[in-house]
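The values are calculated or read from the model by the stated rules, or taken from the named source; none is laboratory data. Since the structure is predicted, the reported quantities are computational estimates derived from the model, not experimental observations. Cβ placement follows ideal geometry from the backbone for every residue including glycine, while neighbour counts extend to all protein chains displayed.
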């Protein structure tokens, strides 16, 4: 008994090929069903000229679309064909014979591919056997999108027919490459959903084997130039699908990373350490997950503990980055805590954290630099900063300049972002609390910072000796601790200035310290970015500074403060005397200083920039844990 055959085709923008396909079906198919995914070209117009059953259906996937199309046929005997395929004359004859005597559950035949106008009879492309004629009750579409295939149920029978299904695959090599890129994405996503893994050996061996098989074993060499192109592109498609599959797993791991790790092993307290603590406190307040790594017993460690920040206290030597035990220990911590971003401030911290972070797969490794000292142009620094560190944060233009001072090509300039230190204005609003009460019409001067050579406190002792010759009574308050405490006190005694200078040691309440002053002084010999300067300005105090580091980026000379020649004690003394007898001038400059901070140097503004750098591009996953 002769059976009726329904030919089923799924289409989307197939005006180039569909007419050839439909023409080959005339006289073979009793019904032609076209399921279209809302084409925007002439596909529908061409199809309707052949009197087909034309349906539109939203596309969810090749397998899903073709199975839905099977259900739209009126006959259970289905010939499934793609728009870029056509029946050869011999295959038409074979199918017409089957119509007269259907004896199997399904029928298969070879597919012969046309590549850039050449029929390809070698490589894995031929014989490319396809099951396309079947009793729809006995099978359905399966496989992996977009490489779908008709499958018969267990126990079903099938037979191979003579003749070729002609496949007009690619009209140009660029078209082939574009489709490889598109299809490899679909394949990798399907493999990912099934849980298929992509170990490195598959990434290397499977593409090599595919080329060897297609070009040599399957005879692609006999196809000449196009055989080489097909073999190479097939190998590339295998490579690409595994690369994309690995990327999907990497993105999945990164999407699970939410932790920001603040890494600071300094044993002393300074501006960089304060920055880490302030950032931690504010990130936690916003709901971000933060951990810290610091040295045992360090001021940073104690402050983090007070904030309740979970973390690790480690002893790591300056050469810790060369110690595999240290590196592996950090790798374990980064993986356990699912660290998304790690932020360092010290050169040695950067080395060990960047190496460990890269091994652990930490996506974002940031090096924040606040020192205006040129980076040594060494092989190790070039490697670490170019290859491992993902972003460098400079806290001023001057610091950025010095990063590149020894080598303009040390890192790409756009890899360095400038994020100024900021002040939490709420903590430095005017208040009445003071640490020192002026007496006998004193003009109170002050300076704050670590008592070390680079901070230039020795200049202040000389300055007080110069000011002692004036008609004003001055008092100098010095906040900070350090190795120069005793030498400074000794020099003050030798110059007879010990009663005019008070060494206050470590000061916890800095707003109260600044409130005690009339003028703040920065005598540094070199400086990156001075937190003390912006804090004094936030307290509406006029600042006098040597021209070092980034002071001119913060202070508008003679408007919000004074910036003079480095180490020029006499010039600094002249400006002090200019303001000493003019309280109105001090207040006016102090007011302008506060306005300058409010405009460009608030902590909130800097924090927003930091969060952007920590989270990175739109595909990253940093978000508050609320």
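Note on the range 186-213: residues that are more than 14 Å from residue 235 (Cβ to Cβ) and surrounded by 15 or more Cβ atoms within 10 Å (Cβ to Cβ) amount to 9. Inclusion of residue 245 among residues that are within 18 Å of residue 172 (Cα to Cα), without any contact (Cβ under 8 Å) to a residue 60 or more places away in the chain and touching a helix residue (DSSP H, G or I) at 6+ places or on another chain (Cβ under 7 Å) is not warranted. In the range 28-49, the residues that are under 15 Å from residue 75 (Cβ atoms) reach residues that are exposed (fewer than 15 other Cβ atoms within 10 Å of the Cβ) and at pLDDT 95 or above with C-beta atoms within less than 6 angstrom, at least six apart or across chains, in these pairs: 30/4; 31/74. Return yes when residue 22 is crowded, with 21+ Cβ neighbours inside 10 Å, in contact with a helix residue (DSSP H, G or I) (Cβ under 8 Å, 6 or more places away or on another chain), assigned to a helix (DSSP H, G or I) and assigned by TED's automatic domain parsing to the domain that holds residue 148 and no when it is not. The answer is yes for residue 22.
Of the numbered conditions (1) over 21 Å from the mean Cα position of the chain (by Cα); (2) within 16 Å of residue 534 (Cα to Cα); (3) surrounded by 15 or more Cβ atoms within 10 Å (Cβ to Cβ), residue 426 fails exactly one; give the number of that condition. Of everything listed in (1) over 21 Å from the mean Cα position of the chain (by Cα); (2) within 16 Å of residue 534 (Cα to Cα); (3) surrounded by 15 or more Cβ atoms within 10 Å (Cβ to Cβ), residue 426 misses just condition (3). Against the condition part of a strand (DSSP E or B), under 39 Å from the mean Cα position of the chain (by Cα), surrounded by 16 or more Cβ atoms within 10 Å (Cβ to Cβ) and not assigned by TED's automatic domain parsing to the domain that holds residue 395, how does residue 524 come out, does it pass? So residue 524 does not fit the description; no. When 474, 513 are checked against the criterion of being part of a helix (DSSP H, G or I), in the same structural domain as residue 530 (by TED's automatic domain parsing) and surrounded by 15 or more Cβ atoms within 10 Å (Cβ to Cβ), a single residue qualifies: 513. Would a scan of the range 163-182 turn up a residue that is at positive phi and in contact with a helix residue (DSSP H, G or I) (Cβ under 9 Å, 6 or more places away or on another chain)? The answer is yes, given that some residue of the range 163-182 is at positive phi and in contact with a helix residue (DSSP H, G or I) (Cβ under 9 Å, 6 or more places away or on another chain). For the range 185-196, name all the residues that are at pLDDT 90 or above and part of a loop (DSSP other than H, G, I, E, B). Correct list: 196 only.
The requirement of being touching a residue at least 60 places away in the same chain (Cβ under 8 Å), under 43 Å from the mean Cα position of the chain (by Cα) and closer than 19 Å to residue 148 by Cβ is satisfied by residue 63.
Does residue 360 fit the bill of being crowded, with 16+ Cβ neighbours inside 10 Å, in contact with a strand residue (DSSP E or B) (Cβ under 9 Å, 6 or more places away or on another chain) and closer than 30 Å to residue 509 by Cα? Spelling it out, it is not the case that residue 360 is crowded, with 16+ Cβ neighbours inside 10 Å, in contact with a strand residue (DSSP E or B) (Cβ under 9 Å, 6 or more places away or on another chain) and closer than 30 Å to residue 509 by Cα.
Rundown of residues vs (1) in a loop (DSSP other than H, G, I, E, B); (2) at pLDDT below 95; (3) in contact with a helix residue (DSSP H, G or I) (Cβ under 9 Å, 6 or more places away or on another chain), yes/no style:
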residue: 381; (1), (2), (3): no, yes, yes
residue: 398; (1), (2), (3): no, yes, yes
residue: 401; (1), (2), (3): no, yes, no
residue: 409; (1), (2), (3): yes, yes, yes
residue: 426; (1), (2), (3): no, yes, no
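Looking only at the range 309-351, how many residues end up being part of a helix (DSSP H, G or I), over 18 Å from residue 272 (Cα atoms) and out of contact with any strand residue (DSSP E or B) (no Cβ under 8 Å at 6 or more places or on another chain)? The total comes to 13.
The C-beta contact set for the range 327-353 (first residue farther than 27 Å from residue 528 by Cβ and not assigned by TED's automatic domain parsing to the domain that holds residue 262, second residue surrounded by 22 or more Cβ atoms within 10 Å (Cβ to Cβ) and at pLDDT 95 or above, distance under 9 angstrom, 6+ apart or interchain) is empty. What single numbered condition from (1) out of contact with any strand residue (DSSP E or B) (no Cβ under 6 Å at 6 or more places or on another chain); (2) in the same structural domain as residue 583 (by TED's automatic domain parsing); (3) assigned to a loop (DSSP other than H, G, I, E, B) fails to hold for residue 466? Evaluating residue 466 over (1) out of contact with any strand residue (DSSP E or B) (no Cβ under 6 Å at 6 or more places or on another chain); (2) in the same structural domain as residue 583 (by TED's automatic domain parsing); (3) assigned to a loop (DSSP other than H, G, I, E, B) leaves (3) as the failure.
For the range 284-307, does any single residue satisfy the condition of being surrounded by fewer than 16 Cβ atoms within 10 Å (Cβ to Cβ), touching a residue at least 60 places away in the same chain (Cβ under 8 Å) and either assigned by TED's automatic domain parsing to the domain that holds residue 482 or at positive phi (or both)? Looking through the range 284-307, at least one residue is surrounded by fewer than 16 Cβ atoms within 10 Å (Cβ to Cβ), touching a residue at least 60 places away in the same chain (Cβ under 8 Å) and either assigned by TED's automatic domain parsing to the domain that holds residue 482 or at positive phi (or both). Scanning the range 490-510 for residues that are surrounded by 16 or more Cβ atoms within 10 Å (Cβ to Cβ) and assigned to a helix (DSSP H, G or I) turns up 491, 492, 510. In summary, residue 481 fulfils each of the numbered conditions (1) out of contact with any helix residue (DSSP H, G or I) (no Cβ under 8 Å at 6 or more places or on another chain); (2) more than 28 Å from residue 584 (Cα to Cα); (3) in a helix (DSSP H, G or I) with the single exception of condition (3).
When residue 369 is tested against (1) surrounded by fewer than 18 Cβ atoms within 10 Å (Cβ to Cβ); (2) over 28 Å from residue 252 (Cα atoms); (3) in contact (Cβ under 8 Å) with a residue 12 or more places away in the chain, just one condition goes unmet, and that condition is (1).
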